């Protein structure tokens, strides 16, 4: 743990509930855009014009994770009590998420359980009746597990993969600060248009503003794009519950590193790299630190795990080029095109960014790790930015408006 003191109360601000966007706009790209440019000047426009504000030769890095239908509602046969099971991550027979979705017959997941007091014992049953198939899903609570509950799911027909079971029975998990039930529009609007691999319990929300029209405007202006995968966990909404930030335990999230993506970063390593969303920020910087360790000759266990405070104790300086080349060397040595990693990295105001030169992000909750990440990039300017947004009717949080930061603290 680094030797510093940061009080989370320094990252508090008053967020009225009427500033929190409960629904998305009818058109994604009509969201407002706050721009904080290299000079430190704040201005605003519409998101559909965002390509007008990128530095020349920018590479935009997107997180292409897809949100899974993680909330399953059961009803007890005897009492009629509603029990909600929120799937967080797979445990057995595999913890590797893409493999877990292909699992048939049964599986075990770490879950949150709502109305647990009404579920003392026994299996819950949910009848599945859809155009695809008719079947049954059972859930059994195997006990406490890693701060949550270990739930065993089993189903029939047993040959159906678990991903299809979730699609037929689950609901999109909206963030806890959206105080309404999931609606039909959320199944489309709480996914980015480029979402592919299933695995997140929350959307990478900066990407929710992009439309085909915006993507076309990027191509017309010769901006390049690269796609990474970080599966967003429920910990992204976990508040910093200790007064001293150094006492906060950061959640871990799964990163999938592909050869194609690493090569894209290396080809653009001298150009402005713009992260679309805090998850892309976290991935770019985390992969740098994994490459840093490989370059140093450290023996890392696989899948790689980046501890939250490691960057703050690193002694040597390794260029981003050398760090990402070390990742490619590791792929060559392993004879593979994909690497799996888990990052616990926490980015706070003393952090020195190695890869990210700009970021697109939404407006974040008070006293959150995401606000700390923004402050690490733009410094105390975050207070001015957020005050401007509050005074100029910007919409906050997941379905809210966006910022583009190319200003970086000195």
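Only the coordinates and a few stated rules stand behind these numbers; no lab work does. As the structure is a prediction and not an experimental result, all values here were calculated from the model. Cβ placement follows ideal geometry from the backbone for every residue including glycine, while neighbour counts extend to all protein chains displayed.
Values computed for the structure shown
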read-out	value
Taking region 110-223 and dividing mean pair separation by its residue count, relative contact order in percent (alpha carbons under 8 Å, at least six apart)	16
Computed over region 134-261, Cα set: Rg, Dmax in Å	18.5, 55
Residue 4 versus residue 26: modelled label distance in nm, points set 7 Å from Cα along the beta carbon direction	4.6
Percent RCO, i.e. relative contact order, over the chain, from Cα pairs under 8 Å lying at least 6 residues apart	23
By average C-beta atoms within 10 angstrom, highest first, the peptides 171-182, 117-128	171-182, 117-128
Diffusion constant of the chain at 4 °C, which comes from Stokes-Einstein with the Kirkwood Cα-pair radius and 1.567 mPa s, µm²/s	58
Length gained when the stretch residue 410-residue 350 is fully extended (0.36 nm per residue, less Cα-Cα span)	20.4 nm
Net lengthening on full extension, residue 300/residue 45 (0.36 nm per residue, minus Cα-Cα)	87.2 nm
Efficiency of FRET from Cβ geometry, residue 148 and residue 37, R₀ 41 Å, rounded to 0.05	0.45
Proportion of all alpha-carbon pairs of region 1-147 beyond 21 Å (%)	69
Kirkwood estimate for region 70-171, i.e. one over the average of 1/r between Cα atoms, Å	13.6
Inter-centroid distance (Cα atoms) of region 122-155 relative to region 203-267, Å	31
GNM result for the chain, Cα springs below 10 Å: residue of 376, 341, 26 fluctuating most strongly	26
Ordering of 104-112, 37-45 by burial proxy (mean other Cβ atoms within 10 Å per residue, highest first)	104-112, 37-45
For region 295-410, alpha-carbon Rg relative to the globular expectation (2.2 N^0.38 Å, N residues)	1.31
CD proxy at 222 nm, helix term only [per DSSP H run n ≥ 4: -39500 (n - 2.57); per residue of the chain; nearest 500]	-6500 deg cm²/dmol
Paramagnetic reach from residue 184 (point 7 Å along Cα→Cβ, amide N under 20 Å) across region 119-160	129-133
Degrees, to the nearest 10: 381-391 long Cα axis against longest axis of the chain	60
Under 18 Å from the residue 115 label point (7 Å along Cα→beta-carbon), backbone N, region 74-107	74-87
Computed E for residue 259/residue 78 - FRET, C-beta separation, R0 45 angstrom, nearest 0.05	0.25
Whole-angstrom gap from region 309-386 to region 61-117, using each part's C-alpha centre	29
For region 218-327: span of alpha carbons on each principal axis (Å, largest first)	46, 34, 23
Angle in degrees between helix 320-334 and the longest Cα principal axis of the chain, rounded to the nearest 10	40
Ranked packing of 399-408, 70-79, most packed first, by mean Cβ within 10 Å	399-408, 70-79
Chain lengthening between residue 66 and residue 131 when straightened (0.36 nm per residue, less Cα-Cα)	21.1 nm
Virtual spin-label span in nm between residue 388 and residue 92, 7 Å along Cα→Cβ	5.4
Between 0 and 90°, nearest 10: helix 278-295 axis offset from the chain longest Cα axis	80
Label-zone membership for region 194-209, site residue 225, 7 angstrom Cα→C-beta point, backbone N under 16 Å	194-197, 204-209
